[in-house]
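Right, one structure below, let's go through it.
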Amino acid sequence: GDIGIISDGAGTGMLTLDLVRDAGGRAANFCELGGLGDADRMHKGLQVVTANPKIKVVLISLIGGITRMDDMANGIAEFLKTTPSPLPIIVRMCGTQEEEGMRILKEWDIPMDDDLDAVVNKAVEVSRSQANGHSD
């Protein structure tokens, strides 16, 4: 596969994996951050997932009850600050502090939505376009 997936919980991650497959995509790897993820854990998760050279796009699926979306967004922003030529990242974010998290990601022009099907379809579309030599 060529889609890297990060989630903040195992259930969310398994659902995301199934939806990617159902949309015609293939996951290359999967990183589950645990229910109490923070900015540092997100940053490290992105480092691990993007180390796979087959990855064409990273799909991040977050549902925050305990996990704060602003912390997750700060981890993504820190990764982008420290990583040259990052892969496309698409985020599904809903939950605690989601408005602030979305504001942070908007500054980085990260495609996001609170609809999981929408971000899964976008990630599959991006992976296909990258495979065909096109970038969006």
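The values are calculated or read from the model by the stated rules, or taken from the named source; none is laboratory data. All of these numbers come straight from a predicted model, not from anything done at the bench. No Cβ is skipped: glycine too gets one built from the backbone with ideal geometry, and neighbour counts run over all protein chains shown. Note: accessible area is taken over every heavy atom of the protein model, side chains too, but ligands, DNA and RNA are not part of it. Shrake-Rupley method; radii C 1.70, N 1.55, O 1.52, S 1.80 Å.
Numbers for the structure displayed
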quantity	calculated
Sites residue 40 and residue 83 - FRET efficiency at Förster radius 22 Å, r taken between beta-carbons, to 0.05	0.90
Cα-based helix-to-principal-axis angle, 39-50 vs the chain, degrees rounded to 10	10
Charge dipole (debye, nearest 20) of the chain; +1 at Cβ of Lys and Arg, -1 at Cβ of Asp and Glu	580
Correct choice for Rg and Dmax of the Cα atoms in Å that was computed from the model, options (i) 18.4, 62; (ii) 14.2, 42; (iii) 13.2, 40	(iii)
Karplus-derived HN-Hα couplings along segment 6-21 (A = 6.51, B = -1.76, C = 1.60, θ = phi - 60°), whole Hz, x at Gly and Pro	10, 9, 9, x, 5, x, 4, x, 5, 4, 4, 4, 4, 5, 4, 4
Listed residues 70, 22, 117, most fluctuating in the chain (Gaussian network, C-alpha, under 10 Å)	22
Of all accessible heavy-atom area on segment 17-97, the percent that carbon and sulfur account for (1.4 Å)	50
Lys, Arg +1 and Asp, Glu -1 on Cβ, resulting dipole of segment 80-136 about Cα centre, debye, nearest 20	300
Accessible area (Å², 1.4 Å probe, nearest 10) - residue 71	50
Angle in degrees between helix 98-107 and the longest Cα principal axis of the chain, rounded to the nearest 10	50
Sum of side-chain charges, residue 40 neighbourhood, beta-carbon under 15 Å (Lys, Arg +1; Asp, Glu -1)	-1
Accessible area of the chain divided out per residue, in Å², using a probe of 1.4 angstrom	48
R0 of 35 Å, Cβ-Cβ distance residue 18-residue 108: FRET efficiency to nearest 0.05	0.80
Cα-based helix-to-principal-axis angle, 69-82 vs the chain, degrees rounded to 10	60
